[in-house]
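See below for the structure under consideration.
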């Protein structure tokens, strides 16, 4: 409670982040180390994620492609915006 | 409690003071991240910017650069304000 909003525009809580990344290309890393790259269709506060045009990378190598994929939030280590979006977002 | 006594600092208040500055996150397992802290919530899920991820594997250290991430708080072990990069 104490912090959110104090620093104005520089503060971005996890809830703000989740709101801002829908529809954007993302990298989702699971605890297992597997990466999923694709377009983020929707997500919730549990970090459950629905992705489109998903590519599965194991040890940096493309292993699989899925048109649509659901990832259960408990497996998610992090959600990252792709480098491509660097110019658009902030 | 803590607001009555300025010498008392809640852990979350300490993290709050790190917002906007570099922080070093040590995860459970052989993973560490360094980045600028943008925000966090009650689970200590964190939004980090300009992140460097260090994975210690059998072949050595794998480094990944990331723009902006939401890090799940579930596997966070230690937070070090200031963000000294891990050098081993």
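Miscellaneous remarks
- For the residues of B:35-43, the average number of beta carbons from a partner chain within 10 Å of their own beta carbon is 5.
- Here the label points at residue A:62 and residue B:10, each 7 Å from Cα along the C-beta direction, are separated by 4.8 nm in the simple model.
- Value at 222 nm in deg cm²/dmol, rounded to 500, when DSSP H runs of n ≥ 4 in chain B each add -39,500 (n - 2.57): -2000 deg cm²/dmol
- Backbone N within the range B:16-43 under 14 Å of label point (7 Å from residue B:63 Cα along the Cβ vector): B:32-35
- Relative to its residue count, the range A:42-82 spans a Cα convex hull of 85 Å³ per residue.
- Here the range B:6-81 is treated as a Stokes sphere of Kirkwood radius computed over C-alpha pairs; at 37 °C and 0.692 mPa s its diffusion coefficient rounds to 256 µm²/s.
- Stretching residue A:32 away from residue A:19 to a fully extended chain increases their span by 2.1 nm, per 0.36 nm per residue minus the current alpha-carbon distance.
- The base-10 log of I(q)/I(0) for the protein assembly as shown, evaluated at q = 0.12, 0.16, 0.18 Å⁻¹, reads -0.56, -0.97, -1.21 [Debye formula, identical scatterers on Cα atoms, solvent excluded].
- Highest mean first, the peptides B:10-17, A:24-31 sorted by other C-beta atoms within 10 Å per residue fall in the order A:24-31, B:10-17.
- Per-residue average of Cβ from other chains inside 10 Å of B:66-79: 6
Each reported figure results from applying straightforward, stated rules to the coordinates on display, with no laboratory input. Keep in mind that this is a model prediction, so the values were computed, not measured. All Cβ positions, even for glycine, are placed from backbone atoms using ideal geometry, and neighbour counts span all protein chains on display.
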